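Student: Could you have a look at this structure, given as structure tokens, before my questions?
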Amino acid sequence: MVKIAPSLLAADFANLKDEIMRLNEAKADAIHLDIMDGNFVPNLTFGPCVVKAIRPYTKLPFDAHLMVKNPDEMLEWFALAGADIITVHAEVCKHLDKTIDAIHALGLKAGVALNPSTTENTLEYVLDKLDLILVMTVNPGFGGQNFMENQIAKIAKIRKLIGHRNIILSVDGGINPMSASEVKAAGADMLVAGTAVFEGGNYAANIKALR
Ligand code: DX5
Ligand code: ZN
């Protein structure tokens, strides 16, 4: 069954503790943390202090999606704050192979995210050491954007590239019950969703609808 990782970007930031506990009850599979630096993307969110503050309220894995220009300098911050997976953007890593090694050296799982305009070929020579691939189906920076249909072909290509490797294929941006079925058919095994999980307030029903 496909895994659902709610993005805290769409949560009530004044009540993060409650939001986390409600996601636990709603049977989320992981918590997706959108870290934005106002530089790689035109928006700012939160940093390791917030991640550390919410860590005690769930056992679910934390996937820190670093939408920052200098992820290498921040890996240790998020490891210490309690991240389980750190996902970096291929577009900003001069030595992607080394960054993946650095994440593993901190004892965490390593993910690589691709912007919509970035080709999947950039993953070819790091596939053997990757734990997660995050296909962006919107240009990162904001929640509530429209799903980009042209990324379906990329998801299917990456599914083939992965072959028998134990890599999670995750998709992020504009996921709703309709786009979710297309993305699943193309081979995704994890869906990141902000708006579609939080809207209306019935998180369990929303998560079920996405599965
Ligand atoms: C976009 C973020 C996404 C976003 C998803 O920059 O990486 O995780 O919060 O939000 P929705 O599901 O509303 O598109
Ligand atoms: Zn994200």
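The values are calculated or read from the model by the stated rules, or taken from the named source; none is laboratory data. These numbers come from a predicted model, not from an experiment. All Cβ positions, even for glycine, are placed from backbone atoms using ideal geometry, and neighbour counts span all protein chains on display. All accessible areas refer to the heavy atoms of the entire protein, side chains included, with ligands and DNA or RNA removed. Shrake-Rupley method; radii C 1.70, N 1.55, O 1.52, S 1.80 Å.
Student: Quick one: order MET148, MET136 from most to least accessible surface, probe 1.4 Å.
Tutor: Highest to lowest solvent-accessible surface, that is MET148, MET136.
Student: How far apart, in nm, are the 7 Å Cα→Cβ label points at ASN39 and THR195?
Tutor: 2.9
Student: Any idea how far apart CYS49 and ASN146 come out in nm if each label point goes 7 Å out from Cα toward Cβ?
Tutor: Spacing of the two 7 Å Cα→Cβ label points: 3.9 nm.
Student: Oh, and also: What does the charge count around THR119 come to, taking other residues whose C-beta lies under 12 Å from its C-beta (Lys +1, Arg +1, Asp -1, Glu -1)?
Tutor: Overall, the nearby charge balance is -1.
Student: Now a separate question. Please report the antiparallel percentage of the DSSP beta bridges confined to the chain, to the nearest 5.
Tutor: In the chain, approximately 5 percent of DSSP beta bridges are antiparallel ones.
Student: Here's another thing I want to ask about it. Sort 193-205, 97-109 for me by packing, meaning the mean count of neighbouring Cβ atoms within 10 Å per residue, highest on top.
Tutor: 193-205, 97-109
Student: Hey, got the dipole for the chain? About the Cα centre, +1 on K and R Cβ, -1 on D and E Cβ, debye to the nearest 20?
Tutor: Rounded to the nearest 20 debye, it is 460 debye.
Student: Roll a 1.4 Å probe over the protein chains and send me the accessible area per residue for the chain in Å².
Tutor: 46
Student: On to the next question. Carbon and sulfur together cover what percent of the accessible area of the chain at a 1.4 Å probe radius?
Tutor: On the chain, the fraction of accessible area on carbon and sulfur atoms equals 53 percent.
Student: Here's another thing I want to ask about it. List, in order, the whole-Hz ³J(HN,Hα) value for each residue of the range 8-14 obtained from phi through the Karplus relation with A = 6.51, B = -1.76, C = 1.60 and θ = phi - 60°; use x for Gly and Pro.
Tutor: 5, 4, 9, 7, 7, 5, 7
Student: For the range 149-158, in order, what is each residue's ³J(HN,Hα) by Karplus, 6.51 cos²θ - 1.76 cosθ + 1.60 with θ = phi - 60°, in whole Hz (x at glycine and Pro)?
Tutor: Each residue of the range 149-158 in turn: 4, 5, 8, 4, 4, 5, 4, 5, 5, 5 Hz.
Student: May I pose another question? Explain nothing, just the number: relative contact order of the chain, from Cα pairs under 8 Å at least 6 residues apart, as a whole percent.
Tutor: After rounding, I find 22 percent.
Student: Now, a different point. Extending each Cα 7 Å along its Cβ direction at ASP12 and LYS27, get the distance between those two points in nm, one decimal.
Tutor: 2.4
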